[in-house]
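The values are calculated or read from the model by the stated rules, or taken from the named source; none is laboratory data. What you are looking at is a predicted structure, and each value in this text was computed from that prediction instead of being measured. Because the Cβ atoms are built from the backbone with ideal geometry, glycine has one as well, and the counts that use them run over all protein chains shown. Just so you know, the surface numbers come from the protein's heavy atoms only, side chains and all, with ligands and any DNA or RNA stripped out. Shrake-Rupley method; radii C 1.70, N 1.55, O 1.52, S 1.80 Å.
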Amino acid sequence: MTTAITAYSQETSKSTVGEKVIAHYTKTGDQEKIKAARFIAENMKYHSFKDSPILDKYYAGIEQINKQYKYPECIEQYYRLYTECGDPYVNLTLTKDNDFINEKDIINNIDMAFEDWRNGLWAKHLSFEDFCEYMLPYRVNNEKPTSNWREDLRKLYYKYATSVITSDDMKNSAFWAASKVNDALKALKYNNKKVLPELNINLPVSALKNMQMGECIDYATYTTYVMRACGIPVCLDYTPQWPNRSNNHYWNSLLDNTGLNIPFMGCESNPGYPNKQGREMAKVYRRTFSYQPQSLYALNKDLGENIPPILNTPF
């Protein structure tokens with residue numbers, strides 16, 4: 001796993017992760033990578049994750065269950081694991097990304113994202129600003145960051161994306177590349193059922209891989225990781241509450257070659273196919289990596305009001 005190290009901050013004179021990453025690219029003279037390093041560093045200081053020895057044991061147990069059991073046998077195993085591990089909120093700590101991720105992981109993440117943007121087949125149409133949100137981030141939600149996820153997921157799914165290159169009409173199409181990769185994700189046959197009691201903590205990539213069942217946020221998060229690993233610009237959208245029924249919903253959005261955002265449900269329905277067709281939505285939000293100064297979280301600093309957990313984020 002990654003080593004603990006202090007994060008970038010413009011207010012400190014210490015040699016931090018962000019400063020080391022920026023210094024690395026300053027030596028290369030690559031102005032766009034310097035800007036990308038600053039984007040990561042300036043927003044990284046706001047990111048964190050909840051962790052505990054029980055959660056780590058729990059994540060490892062989920063990985064093993066996913067490898068050994070199919071649905072529905074896995075259901076009993078998930079709850080057995082939860083019972084054996086105990087309450088994951090015991091000794092729960094908040095760890096800042098700044099104190100967990102090292103500069104080598106950030107540099108590797110930036111280099112791989114740039115390779116897909118500059119030399120790949122399905123992201124050259126992105127502006128730098130769009131690249132920073134759709135391709136560059138090293139994490140998606142509030143999950144524990146994972147090293148080498150781009151390499152690992154690329155080995156599993158890139159071959160499906162490249163299946164379109166034999167067609168002149170599809171080879172440079174982010175739409176068709178995403179569709180082919182999502183076909184492979186659909187073959188996993190996810191079952192839309194809650195895996196765990198509500199934790200308000202997203203599962204890491206390692207626990208999502210090979211999962212037999214989960215909620216829409218699990219599918220959409222894993223799909224975002226997979227698509228970005230394959231060089232396809234995808235992000236995560238959600239509605240925090242249906243206006244005329246209970247619960248919320250998460251899904252994916254593809255930024256295609258025409259500049260349109262095309263919604264789809266990762267692991268379930270491809271871009272261009274209806275996602276919750278006929279459902280009325282009141283508000284739709286996008287999960288970003290960058291700090292949003294107009295968010296309720298940011299605006300509430302001086303007010304001290306209670307904010308619903310799903311909206312209590314600067315992202």
Which whole number in µm²/s is D for region 161-315 by Stokes-Einstein, with the Kirkwood Rh taken over Cα pairs at 20 °C and 1.002 mPa s?
127
Accessible-area composition of the chain, carbon plus sulfur, in percent [1.4 Å probe]:
49
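What does the charge count around residue 50 come to, taking other residues whose C-beta lies under 12 Å from its C-beta (Lys +1, Arg +1, Asp -1, Glu -1)? Working shown, then result.
Working: positive: 96, 144; negative: 51, 56, 143.
Result for the neighbourhood of residue 50: -1.
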Compute the Cα gyration tensor for region 231-308, then decide on rounded, prolate or oblate, letting a ≥ b ≥ c be the square roots of its eigenvalues: rounded whenever a/c is under 1.5, prolate when a/b is larger than b/c in the other cases, and oblate in all that remain.
oblate
Within straight cross-link reach of residue 159, meaning Cα distance under 23 Å, which lysines are found once same-chain residues fewer than 8 apart are removed?
67, 124, 171, 180, 186, 189, 209
Over the chain, consider all pairs of different Cα atoms and compute the Kirkwood hydrodynamic radius from their mean reciprocal separation; express it in Å, one decimal.
20.5
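Over region 8-125, with the other protein chains present, what is the accessible area per residue in square angstrom, probe 1.4 angstrom?
The answer is 53 Å² per residue.
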Low-density loop positions, trypsin sites (Lys or Arg not before Pro), region 168-247 - DSSP coil, at most 15 other Cβ in 10 Å
171, 189, 193, 194, 245
To the nearest 500 deg cm²/dmol, what mean residue ellipticity at 222 nm is calculated for the chain from DSSP H runs of n ≥ 4 alone, each contributing -39,500 (n - 2.57), summed and divided by the residues?
-12500 deg cm²/dmol
So which residue, out of 135, 265, 112, gets the largest mean-square fluctuation from a GNM of the chain using Cα contacts under 10 Å as springs?
112
Net charge near residue 312: determine it from the other residues with C-beta under 13 Å of the C-beta of residue 312, scoring Lys and Arg +1 and Asp and Glu -1.
0
Any idea of the accessible area per residue across region 174-315, 1.4 Å probe, to the nearest Å²?
45
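What fraction of the Cα pairs in region 89-144, stated in percent, has a spacing above 13 angstrom?
Result for the distance tail: 67 percent.
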With a cap of 11 neighbouring Cβ atoms within 10 Å, and only residues DSSP puts in a loop, list the trypsin sites (Lys or Arg not before Pro) found in region 67-118.
70
Need the C-alpha centroid separation for region 79-155 versus region 230-305, integer Å.
18
Which loop GluC sites (Glu not before Pro) in region 138-205, with loop taken from DSSP, have no more than 12 other Cβ atoms within 10 angstrom of their Cβ?
198
Using only alpha carbon pairs under 8 Å that are at least six residues apart, calculate the relative contact order of the chain and give it in whole percent.
17
Under the Kirkwood approximation applied to all pairs of distinct alpha-carbon atoms, what is the hydrodynamic radius of region 65-204 in Å?
18.2
Selection from 295, 39, 125, by position along the positive dipole direction of the chain (Cβ):
125
Placing +1 at every Lys and Arg Cβ and -1 at every Asp and Glu Cβ, with all other atoms neutral, what dipole size does the chain have around its Cα centre, in debye to the nearest 20?
380
Output for region 29-143 (equivalent-ellipsoid semi-axes, sqrt of 5λ from the C-alpha gyration tensor, Å, descending) is 36, 19, 10
Partners for residue 27 among lysines (Cα-Cα distance below 22 Å; same-chain residues under 8 apart left out)
14, 35, 104
